[in-house]
1. Collect residues whose amide H, placed 1.01 Å from N in the peptide plane, falls under 5 Å from the amide H of LEU35; neighbours closer than 5 in sequence don't count.
2. Please give the per residue volume of the convex hull enclosing the alpha carbon atoms of segment 42-82, rounded to a whole number of Å³.
3. If R0 is 45 Å, what FRET efficiency do you get for ARG124 and ALA152 from their C-beta distance, rounded to 0.05?
4. To the nearest Å, what is the center-to-center distance of segment 83-139 and segment 9-48, using C-alpha atoms only?
5. Any chance you could get the radius of gyration and Dmax over the Cα atoms of segment 1-104, in Å?
6. Would you report the distance distribution of C-alpha pairs in the chain as whole percents per 5 angstrom bin, up to the bin with the largest distance?
7. For segment 53-135, count all C-alpha to C-alpha pairs, find those more than 21 Å apart, and express that count as a whole percent of the total.
8. How long is the gain from LEU35 to ALA165 if the chain were fully straight, where each residue apart is worth 0.36 nm and the alpha carbon distance is subtracted?
Amino acid sequence: MRVLALPGSVRAGSSNVALLRALAALAPDGVQLELYEDLATLPMFAPDTADTALPAAVAALSARVAAADAVIICTPEYAFGMPGVLKNALDWLVSSGDLYEKPVAALSASPNEGGGARALGWLRETLSAHHAHVPEAATFAVPFVRKRLDPAGVCDPALASTLRAALESLRAAVIARGGC
Ligand SMILES: Cc1cc2nc3c(=O)[nH]c(=O)nc-3n(C[C@H](O)[C@H](O)[C@H](O)COP(=O)(O)O)c2cc1C
């Protein structure tokens with residue numbers, strides 16, 4: 001099972017990217033996570049271009065989403081919403097339908113108490129516009145993320161267990177959809 005991990009941050013040293021990297025180490029046998037690292041290369045969404053010739057970076061993202069059995073998005077919260085770079089990527093993916101009925105984990109992570117819950121709510125609404133399938137066990141906010149990660153990975157056993165359950169729910173959704 002191939003899972004594309006899509007962060008909502010382009011910041012060097014991003015805790016959301018760190019969480020996605022740590023998640024790869026928790027993946028059960030047969031589940032392979034690939035990190036999407038080209039978010040900053042996507043041009044600004046332009047409906048006219050989307051209808052004619054897709055920019056190469058967008059076509060590459062679309063191909064990677066299409067080839068993945070499932071997607072995991074982990075985003076910070078900026079000004080009570082999801083960062084523009086992530087919304088931009090998701091807007092590009094509307095016309096392809098790549099996320100249609102695709103199992104998607106929707107996570108937010110933040111160094112503070114809220115965990116980016118408002119960004120997560122917005123992300124979930126956007127994913128519902130894509131008709132993505134977000135299993136209940138695969139969507140939650142991660143507060144105090146910096147204290148729960150160390151260089152070796154996830155150092156909080158409760159978070160590790162929640163993340164494993166999210167991966168299992170994605171795998172079940174992929175199998176139910178007839179994949180893998
Ligand atoms: C422009 C900006 C706006 C932010 N707004 C919020 C916010 O509304 N809520 C919140 O919990 N954190 C907010 N933060 C703090 C981010 O959650 C924090 O910087 C986080 O580490 C970013 O994620 P990253 O480490 O993956 O880059 C904001 C940060 C920036 C730079």
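The values are calculated or read from the model by the stated rules, or taken from the named source; none is laboratory data. Every value quoted in this text rests on a predicted model; they were computed, and no experiment measured them. We place every Cβ from the backbone using ideal geometry, glycine too, and count neighbours over all the protein chains shown. Accessible surface is based on the protein model in full, side chains and every heavy atom, while ligands, DNA and RNA are left aside. Shrake-Rupley method; radii C 1.70, N 1.55, O 1.52, S 1.80 Å.
1. Counting only residues 5 or more places away or on other chains, the set is ALA5.
2. Details: hull volume 4.0 nm³, N = 41.
Expressed per residue, the convex hull around the Cα atoms of segment 42-82 is 99 Å³.
3. Values: r = 31 Å, r/R0 = 0.68.
The formula returns an efficiency of 0.90 here.
4. With segment 83-139 and segment 9-48 each reduced to a Cα centre, they are spaced 13 Å.
5. Values for segment 1-104 (Cα only, Rg and Dmax): 13.7, 43 Å.
6. Binned Cα distances yield the sequence 1, 9, 18, 23, 22, 15, 8, 3, 1, 0.
7. On the way: 934 of 3403 pairs.
In whole percent, the share of Cα-Cα pairs in segment 53-135 beyond 21 Å is 27.
8. Details: separation 130, 0.36 × 130 = 46.80 nm, distance 1.95 nm.
Difference between extended and current length: 44.8 nm.
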